[in-house]
Structure formats: C-alpha cells, structure tokens
Amino acid sequence: MLVSSQTVNLRRAGASDIADMSQLFMFYSGRDISANLQQYIDQYPAALAEIEGRIVGFAYSRTFAPDVLELLNIFVKQDCQNSGLGSKLLRFFESLAFDHYQGVVAVNSLLYASARNKRFASNFYLKNQYDTILTTENSRIYAKQRNAVDEPGTM
C-alpha cells in the first residue's frame, strides 16, 4: 500500500470502529484488545487513520494520572509502516489528548505478547519529541508534556 500517494483520513475513533480495530490488531499481533476497548474509546482520546474507508492505524489511551494519559496502543498496519503515517496518527492523537491533559506517557516493552517479532520504537518516539524516562532491558517508557508555549495567553 502506497500511503504517500493516497489520502489518509484521520478522525476520532468511535464505538462503531471497535470490531474492525480488534480484528486488525488480532491479525497482526495475535492479541485480543476488544475487552476494554469500548471503555477506552468512550472515555479517553482515541484516533483512527483510514485510507479509502479502511482502517490502517489507530491509537487509544486511558488515564495514567488525572492530568496525564497513557497511550495504550498505537498501531499502524504493516504495509503502511515507515511512511510517516504513524507520526501523523500520533500528532492527531496528541491534538485530542492535549485539549484536556497535560502529558502523555507510552510504554514500549518486548515482554508484551505478540505473534510477530517485537522491536523497540525508540526512534519513533524520540523523533516525535518524547523523552525517554525509564529504560530496562525489556522496556522503555516515554513521555511528552503539552508545550506551554502553544497555550493561548502564555508567555
């Protein structure tokens, strides 16, 4: 799939997207995410990327602290990876998140169950201005704070 030559539609994910999101993720990871997805999408920022009406990526979250979100999952279909779609999806997710939250944390771990080989997404988070706040042999935790300079009425 050539993402660069196609129009990507970014929008907020809704309840009607849950089955397609779950099915897509199950195909690539072997993990079922449907159990809590309804709650996450209803209560917290969740974003979706579509090409020609088909879901090619998504991101969803939950609270980590009253003013901080945990990005539970950002997923981009394998044939759309390394095209910039993940960064576009993340920026759109952040636009939803930073309306009400001061920061976002993301945990990237090799220990999460997966049907495919996992790798750290360090370059992805770092190029999107996330700071590495904790590193272990198998996990990385990244964080990004809402930029106070972008807030109206601040110096």
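Within region 21-49, being closer than 12 Å to K77 by Cα and touching an Asp or Glu at 6+ places or on another chain (Cβ under 9 Å) holds for F25, M26, L48. Residue count for region 12-47, restricted to those that are closer than 16 Å to S61 by Cβ, at pLDDT 90 or above and surrounded by 13 or more Cβ atoms within 10 Å (Cβ to Cβ): 12.
Taken over region 70-84, the residue count meeting the criterion of being of a type in the set (A, V, I, L, M, F, W, C) and over 11 Å from the mean Cα position of the chain (by Cα) is 1. The residues listed here are I18, I55; of these, the one that is without any contact (Cβ under 8 Å) to a residue 40 or more places away in the chain and part of a strand (DSSP E or B) is I55.
Out of region 58-107, which residues are part of a strand (DSSP E or B) and among the basic types (K, R)?
Of everything in region 58-107, just one residue is part of a strand (DSSP E or B) and among the basic types (K, R), namely R62.
With respect to being out of contact with any strand residue (DSSP E or B) (no Cβ under 6 Å at 6 or more places or on another chain), among the aliphatic types (A, V, I, L, M) and more than 22 Å from I141 (Cα to Cα), A19 fits the description. A search for C-beta distances below 6 Å between a residue of region 88-113 that is modelled with pLDDT under 95 and any residue that is of a type outside the set (S, T, Y) and not in a loop (DSSP other than H, G, I, E, B), counting only pairs 6+ apart in sequence or on different chains, returns V107/I141; N108/R140.
Which members of region 22-36 meet the condition of being in contact (Cβ under 8 Å) with a residue 40 or more places away in the chain, of a type in the set (A, V, I, L, M) and in a helix (DSSP H, G or I)? Talk me through it step by step, then tell me what you get.
As a first pass, look at region 22-36 and keep what is in contact (Cβ under 8 Å) with a residue 40 or more places away in the chain: 24-25, 28-31, 33.
This time we only want the ones that are of a type in the set (A, V, I, L, M), so: 24, 33.
L24 - this is the single residue of region 22-36 that is in contact (Cβ under 8 Å) with a residue 40 or more places away in the chain, of a type in the set (A, V, I, L, M) and in a helix (DSSP H, G or I).
Picking from residues in region 53-73 that are among the aliphatic types (A, V, I, L, M) and surrounded by fewer than 21 Cβ atoms within 10 Å (Cβ to Cβ), the one that is farthest from Y130 (Cα to Cα) is I55.
For region 91-99, the criterion of being among the acidic types (D, E) and surrounded by 12 or more Cβ atoms within 10 Å (Cβ to Cβ) is met by at least one residue.
The values are calculated or read from the model by the stated rules, or taken from the named source; none is laboratory data. Worth saying up front: this structure is predicted, and the values here are computed from it rather than measured. As a convention, Cβ positions derive from the backbone with ideal geometry for all residues, glycine included, and neighbour counts pool all protein chains shown.
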